[in-house]
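First the structure, in the form of structure tokens, and then the observations on it.
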Number of protein chains: 2
Amino acid sequence: MGQGQLTAAPEPKYWHLRTVLVRTIDSEFSTGQVLPNERELAARFGVARATLRQALDQLELEGRLVRRRGIGTLIAAPRVGVPVSRREEGWPGTTRTQAWRAVDCVSAPASAQLALALGIPPGETVHTVRRLRLVQGQIMAAESLHVPDSAVPLLPAVPHVVGGAAESDRARSVLRQLDRLGVDGESRSVELGVAEAKEATLLERPPGTPVLVVTTQYAAAGRLVALAVSTYRADTCKLTFGETGLVEVTPVEAGAVRTAS
Amino acid sequence: MGQGQLTAAPEPKYWHLRTVLVRTIDSEFSTGQVLPNERELAARFGVARATLRQALDQLELEGRLVRRRGIGTLIAAPRVGVPVSRREEGWPGTTRTQAWRAVDCVSAPASAQLALALGIPPGETVHTVRRLRLVQGQIMAAESLHVPDSAVPLLPAVPHVVGGAAESDRARSVLRQLDRLGVDGESRSVELGVAEAKEATLLERPPGTPVLVVTTQYAAAGRLVALAVSTYRADTCKLTFGETGLVEVTPVEAGAVRTAS
DNA sequence: GAGTGGTCTAGACCACTAA
DNA sequence: TAGTGGTCTAGACCACTCC
């Protein structure tokens with residue numbers, strides 16, 4: 001990899017540096033390779049380490065780099081396409097697929113916010129199932145699935161136990177009941193967020209990690225029966241929304257087309 | 001707003017600072033209000049300005065703050081829900097809606113990447129329409145819509161003129177032809193990206209602004225007829241994916257539920 | 001212990017906005 | 001011209017990984 005010589009420009013140094021690094025990465029590095037360390041890169045380009053890091057921050061946000069403390073800065077693998085829809089991901093994941101791993105389940109009175117969102121009276125019991133989505137063995141998303149007690153009347157009233165196998169058993173029990181309702185509609189939104197402490201732990205990422213927050217409303221028989229808030233790792237995920245009946249086409253490397261045009 | 005006193009913690013200062021600021025913002029500030037300036041905030045919390053800025057960076061990424069050079073740091077308005085689907089946004093935007101504003105149109109041989117994505121021979125002419133999506137008068141997204149010449153054979157062969165009214169006329173002409181094809185399927189993906197120079201200019205944002213990159217494949221009669229790459233402002237947009245036949249429910253403040261639980 | 005990225009500091013100067 | 005956020009520096013120390 002050549003050495004810097006940042007030509008004077010009206011743009012910030014870190015942005016120009018990013019451009020140079022993008023070119024270098026695309027032409028001279030491949031997935032999994034490690035870049036020279038930050039101190040050396042900074043010296044090579046004649047900038048302060050903080051400035052170099054600003055450029056690397058951008059590239060990490062774009063999913064081009066992965067930085068590992070104690071290891072180095074690696075070229076990231078292309079983002080994994082993650083299908084987001086009931087049909088494709090297998091709902092609710094109990095029998096048809098191993099895509100989701102139930103973690104635990106807590107039953108508690110709904111907060112004002114949650115009650116409003118679910119359209120139930122404040123204080124009604126809500127079962128919250130937490131689960132992880134695995135793709136190719138990697139944790140890609142953490143989800144909190146909120147189900148009003150009134151939507152799953154057949155749920156066995158087992159005593160609530162914290163931790164242990166009973167927890168995830170109960171989670172699966174809720175999912176099973178939900179499955180039997182026959183969910184027939186869903187509405188989603190996607191926005192950018194950052195992982196808070198609990199999510200970050202589940203995702204095995206540091207707090208502040210950018211995530212794509214997918215909020216899904218599930219309906220059965222014309223009634224809202226569940227609300228899911230899923231946080232997908234923004235660095236490694238590309239969410240895909242298929243539509244039945246669409247011709248099968250070659251998956252596109254969006255970034256490539258975007259950069260090229 | 002009270003003054004700092006950051007209790008000792010195993011977490012980084014900037015992250016704790018973020019937590020404190022979130023609480024403060026939610027309880028003592030409302031949309032449009034300006035925070036004290038960075039130098040004062042840093043002094044008040046007893047940290048360096050760079051550390052304070054790290055916390056503000058997070059809050060800006062979450063869409064809670066907007067920073068304007070020369071003005072100050074403002075509390076951001078809640079994100080705007082932007083429907084993303086052919087039916088809801090009006091396709092292709094020529095007659096049914098004013099949601100999109102055509103900017104220009106260039107016709108050129110397809111790059112290798114683009115040809116691959118469109119499933120056409122490399123070098124075939126592709127019309128690329130650039131347009132902006134407006135929501136409530138605000139520019140929310142910039143899009144490049146790629147249409148192979150072979151998909152719109154009836155397109156009048158007008159001479160290519162750079163700039164001026166003829167440009168956007170031609171853009172509308174392509175859109176009209178595409179409309180007449182009867183698009184009957186679409187497949188999407190959403191991922192995180194940053195605005196490059198051109199996009200940034202169109203979005204009236206600085207380069208590096210985080211965006212949600214939506215890639216859409218349009219099919220007609222079982223054939224891929226167009227590829228759109230849209231970049232939505234991640235700070236102000238919440239993309240919504242509706243489904244016909246779903247019961248109408250109260251829109252959810254996802255962030256609120258997420259934070260509360 | 002050596003090497004890596006992560007955090008934090010104290011200061012400087014620049015670009016932009018508004019009065 | 002004064003005040004704001006944006007950029008950049010040179011250095012320090014910490015937390016983690018691997019040998």
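Here are the numbers:
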| item | result |
| --- | --- |
| Answer residue from segment A:164-213, given it is within 16 Å of DNA strand D (Cβ to nearest atom) and among the β-branched types (Val, Ile, Thr) and is most open to solvent (accessible area, probe 1.4 Å) among those | A:201 |
| Residue that is surrounded by the fewest Cβ atoms within 10 Å (Cβ to Cβ), among those in segment A:23-48 that are near DNA strand C (Cβ under 9 Å from one of its atoms) and away from chain B (no Cβ under 13 Å) | A:39 |
| Hits in segment A:48-80 - residues which are outside any strand (DSSP E or B) and among the hydroxyl-bearing types (Ser, Thr, Tyr) | A:51 |
| Segment B:188-203 residues that are more than 14 Å from residue B:214 (Cβ to Cβ) and within 9 Å of chain A (Cβ to nearest Cβ), paired with ones that are polar (S, T, N, Q) and part of a helix (DSSP H, G or I) (beta carbon under 8 Å, 6 or more apart) | B:194/A:58; B:196/A:259 |
| Test: residue in segment A:196-206 that is acidic (Asp, Glu) and touching a Lys or Arg at 6+ places or on another chain (Cβ under 6 Å) | no |
| Hits in segment A:215-259 - residues which are touching a Ser or Thr at 6+ places or on another chain (Cβ under 7 Å), modelled with pLDDT of 65 or more and surrounded by fewer than 19 Cβ atoms within 10 Å (Cβ to Cβ) | A:242 |
| Flag for residue B:31 being within 12 Å of DNA strand D (Cβ to nearest atom) and at pLDDT 95 or above | no |
| Considering residues of segment B:49-78 that are within 9 Å of DNA strand C (Cβ to nearest atom) and open to solvent by 50 Å² or more (accessible area, probe 1.4 Å) only, the residue nearest to the chain's Cα centre (by Cα) | B:68 |
| Residues satisfying the stated conditions in segment B:11-22, i.e. open to solvent by less than 60 Å² (accessible area, probe 1.4 Å) and among the charged types (D, E, K, R) | B:18 |
| Identity of the residue in segment B:101-126, touching a residue at least 24 places away in the same chain (Cβ under 8 Å) and away from chain A (no Cβ under 12 Å), that ends up farthest from the chain's Cα centre (by Cα) | B:124 |
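Every residue, every condition in (1) within 24 Å of residue B:193 (Cβ to Cβ); (2) out of contact with any strand residue (DSSP E or B) (no Cβ under 7 Å at 6 or more places or on another chain); (3) near DNA strand D (Cβ under 9 Å from one of its atoms); (4) at pLDDT 95 or above, yes or no:
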residue	(1), (2), (3), (4)
A:11	yes, yes, yes, no
A:15	yes, yes, yes, yes
A:19	yes, yes, no, yes
A:25	yes, no, no, yes
A:43	no, yes, no, yes
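The values are calculated or read from the model by the stated rules, or taken from the named source; none is laboratory data. Since we're looking at a predicted model, the values are computed, not measured. Ideal geometry is used to build each Cβ from the backbone, glycine not excepted, and the neighbour counts take in all protein chains shown. These accessible areas exclude ligands, DNA and RNA; they are computed on the full protein's heavy atoms, side chains included. Shrake-Rupley method; radii C 1.70, N 1.55, O 1.52, S 1.80 Å.
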